[in-house]
Amino acid sequence: MNRKQEFTITIYTENNMGLINRIALLFFKKRINITKINAGPTDVAEVQQFTIVVTETEENIQNMIHQIEKQVDVLRAYYNADNESDKYETVVYKVPTRVIVSQQKVERLLHFYEANIVVRCNDYTVFEVTDQKSKINELEEALEPWGLESFVRCTGEKRLKVNIE
Amino acid sequence: MEKIKQVTPEVLSKKENLLTGSQVLLEIFLEEGVKTLFGYPGGAIMPVYDALYDYKEKLEHIQVRHEQGAIHAAQGFARASGKVGVVIATSGPGATNLVTGLADALLDSTPVVCITGQVYAHLLGSDAFQEIDVIGITTPVTKWNYQVTDAEELPEVMAKAFHVARTGRPGPVVVDITKNAQLQMITYKRRRLYSVSANYQPVPVPDIEQLIKAAMLINKAERPFVIIGQGVLLGKAETELLEFIEKSGIPVAWTIMGMSAIPTDHPLAVGMVGMHGNYGPNLLTNECDVLIAIGMRFDDRVTGRLDQYATQAQIIHLDIDKAEINKNVKVDVPIYGDCKETIPLLTGLVNSRVYLKWHQRFKNCAKIEHRKVIQESIFPSGDALTMAEVIHGINELSQGEAIIVTDVGQHQMITCRYAQYKHSKSNITSGGLGTMGFAIPAAIGAAYGNKNRPVVAVMGDGGAQMNIQELGTIMQFGVNVKLLILNNGYLGMVRQWQELFHEKRYSFVTMHNPDFVQIASGYSIPAQRVESREALKKALQHMFNYNGSYLLEVTVDKEDNVFPMVPQGKSVSDVVLNKEQLKTKNK
């Protein structure tokens, strides 16, 4: 309970302007640094989702969840320790186009991980993958020898489960 | 705001009106049962004030002298009446002047709705004249806030504003309305009822299993102890509490905010907990075996050193706010819910008991406190007047009938220690934020909140000068409040700490005060100053009997200290009764 570790907090809210400020201030008030934050719509109309990653003690996180749920426009908040397997991450990679064209192995990799091509030009290709964190790590390792130019784990961990009762 | 659903599809009255946003706002006030507004006009709120011109008969508007005065008055109104206090202010400085009061209302869970004017929507973000990001500024100090740029939103937003302010754990709400929305004409259907956001569930459903667990603990206890907070007052559960206490026979203490929830002279009442609370309840917190906390939040001024607070006891915590459970003190049995609902359920499950021995412990402590502190404070042997004897004088005249509003500092602690109350909602003070300058405006509000009882504002010479401009409001509206200034020429509480903990290095606590009697007379408020014991009694009597506002300045002992005291960072059981004990215990 009193050891600091990484937690992912998922918050479902109404779609009201300024709510991100209200939530961020709660973390600031307790001097908890936000490592990653991701906000966006859910597949339920009018419901927004925030995913926030912080390193804190579980006790403080539990209190934080109560403080978040207390906000009038917050529908629900919960947290998960970051060693849980159901976590998904979205990443964007940039690789030289010639590698994809010449190396079948690379193309197969992209196919296997269901990568979506975002940009393809003569010099490089940008693709996006959403998968479990461990799978993303595997892919990254596999791509490494073929000249991974740059990558962004641009979003916070994004849980694909949307459980609004 | 689209989430809000209309419950009664059409309406109670079919009357349809084309009204301006400002008129709609005032109509909503009437529908919400608002009769009194506290406010101050200005550029961006002018359309509302223009509309108010035609509502003079229906809405009483108290024009204060400063927006901080308006919000403290609204707090005083809410605390005395149990209703929502309403404030109107303009944009920019009008809104920023509300911030202290909003913070005060948030920490003390006071239902207040503040309407602030805002520049035209098309000017937002352009640094227009008197434009400031009110929503941004007030976010950390409000329960909820919202900016209205389209008058069509008003009915829903205002319904939500009042609902949020008064339900669950009450709190302050700000609705910022742009000038175009105030002027915009809309078709307004009267009495549209909205169920506010289905997801906002202010009152948790009590868990019967936890209640049974709690009752089992209580029934097995040998030394149970109840501490009540403002939750009992906010939940209007005074009768339910009394039934619980009288059936269970458990000694009950209160926090500063829970004061007056039960009569101070009740045989089971043992006094106040906290830094300057009574000796017994502080000391015995660390000896009880079951601690039942009702509608209180274990503030650091109540618990003292947290890791030595009631560690021997099983703790039962009744609260409507889930975020309070386990926030400071680890709880064994949490009972979420409105105490008006949960207390009777608990009463039904507990045995009727008498704890003679345990009560005797409190009585013994009270005797010690009386001998070492109270006797000398109320009947001092020296010539200088003490704050406690002034409050004692008020008790004799008021007989527990008056609403007593205090400012912040030594006089506040003394008042809360010595004042006697018969009725609920009698003690109005700035507990959480400790806002100096609270007393005068809050007393004005209290006088409107409860017109049947005398209102006495007790303040020090420091706090009296922090919102002294509100004497103008008292003058203009003929508000009947008694103002009592306990003048020791110091910022007394800071001086006390400097004396006790900073080797008497009195750093900027001396006050060279104006002539308060002359100031009052400048505002046509009759006043007098007393410096002797003989004059005091007569002066208090005169003040009480005077029909109208009155200011009494009492020159009190310059270096009087408030004891008992739980020194900061010490355990509640380290409560000391005087300076000597503090020195020996600190060694």
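The values are calculated or read from the model by the stated rules, or taken from the named source; none is laboratory data. Bear in mind that the values here come from a model prediction, so they are computed numbers and not experimental data. For neighbour counting, all protein chains shown are included, and Cβ atoms are generated from backbone atoms with ideal geometry for every residue, glycine included. For accessibility, only protein heavy atoms count, side chains too; no ligands or nucleic acids. Shrake-Rupley method; radii C 1.70, N 1.55, O 1.52, S 1.80 Å.
Students often get this wrong, so check it: of B:Lys56/B:Lys143; B:Lys504/B:Lys537; A:Lys70/B:Lys340; A:Lys29/B:Lys570; B:Lys425/B:Lys579; B:Lys482/B:Lys537, which have C-alpha atoms separated by over 23 Å? Kindly include the intermediate steps, with their values, before the conclusion.
Details: B:Lys56/B:Lys143 30 Å; B:Lys504/B:Lys537 33 Å; A:Lys70/B:Lys340 20 Å; A:Lys29/B:Lys570 25 Å; B:Lys425/B:Lys579 34 Å; B:Lys482/B:Lys537 15 Å.
Exceeds cut-off: B:Lys56/B:Lys143; B:Lys504/B:Lys537; A:Lys29/B:Lys570; B:Lys425/B:Lys579.
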The summed charge of the B:Gln528 Cβ neighbourhood (under 14 Å; Lys/Arg +1, Asp/Glu -1) stands at 0
Output field shielding_mean for A:60-72 (other chain Cβ, 10 Å radius) holds 4
Computed on Cα atoms, Rg of the protein assembly as shown relative to 2.2 N^0.38 Å comes out at 1.08
Residues other than B:Lys213 with Cβ under 13 Å of its Cβ, Lys/Arg counted +1 and Asp/Glu -1, net out at -2
Helix-only [θ] at 222 nm, chain B, -39500 (n - 2.57) per DSSP H run of 4+, per residue, nearest 500, equals -10500 deg cm²/dmol
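Per residue of B:141-150, count partner chain C-beta atoms within 10 Å of its C-beta, then hand back the mean as an integer. Provide the component values of the computation, followed by the final result.
On the way: counts 0, 2, 3, 5, 3, 5, 2, 0, 0, 0.
Per-residue shielding by partner chains comes out at 2.
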The stretch B:318-350 and the stretch A:108-139 have their Cα centres apart by a whole-number Å value of 52 Å
Yeah, chain B with a ≥ b ≥ c from its alpha-carbon gyration tensor (a/c under 1.5 is rounded, else prolate when a/b outruns b/c, oblate otherwise) is oblate
So the compactness index of the stretch B:183-329, its C-alpha Rg divided by 2.2 N^0.38 Å, takes the value 1.27
From the Cα centre of the stretch B:53-71 to that of the stretch B:452-491, the distance in Å is 19 Å
CD proxy, 222 nm, chain A: helix-only mean residue ellipticity via -39,500 (n - 2.57) per DSSP H run with n ≥ 4, per residue, nearest 500, stands at -9000 deg cm²/dmol
In units of 2.2 N^0.38 Å, the Cα radius of gyration of the stretch B:356-498 is 1.12
Quick calc of log₁₀ I(q)/I(0), the stretch A:2-144, Debye, one scatterer on every Cα, no solvent, q values 0.12, 0.15 1/Å, result -0.63, -0.84
So the angle from the long Cα axis of helix A:19-29 to the longest Cα principal axis of chain A, reported in degrees to the nearest 10, equals 70 degrees
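Assuming 1.567 mPa s and 4 °C, estimate D for the stretch B:98-237 with Stokes-Einstein, Rh taken as the Kirkwood radius over Cα pairs, in µm²/s. Don't skip to the answer; put the middle values down first.
Values: Rh = 17.8 Å.
Translational D for this selection: 73 µm²/s.
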Under the rule rounded for a/c under 1.5, else prolate if a/b exceeds b/c, else oblate, using alpha carbon gyration tensor axes a ≥ b ≥ c, the stretch B:402-452 is classed as oblate
Placing each pseudo-label 7 Å from Cα in the direction of the beta carbon, B:Ala121 and B:Lys422 end up separated by a distance in nanometres of 5.5 nm
For the pair A and B, the solvent-accessible area buried on both sides (1.4 Å probe; DNA, RNA and ligands excluded), in Å² to the nearest hundred, is 1600 Å²
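Counting only protein heavy atoms and using a 1.4 Å probe, what share of the accessible area of the protein assembly as shown belongs to carbon plus sulfur, as a whole percent?
Values: 16150 of 31810 Å².
Using a 1.4 Å probe with all protein chains present, the protein assembly as shown comes out at 51 percent carbon and sulfur.
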Taking Cα atoms, the helix A:133-143 axis meets the longest principal axis of chain A at an angle in degrees (rounded to 10) of 20 degrees
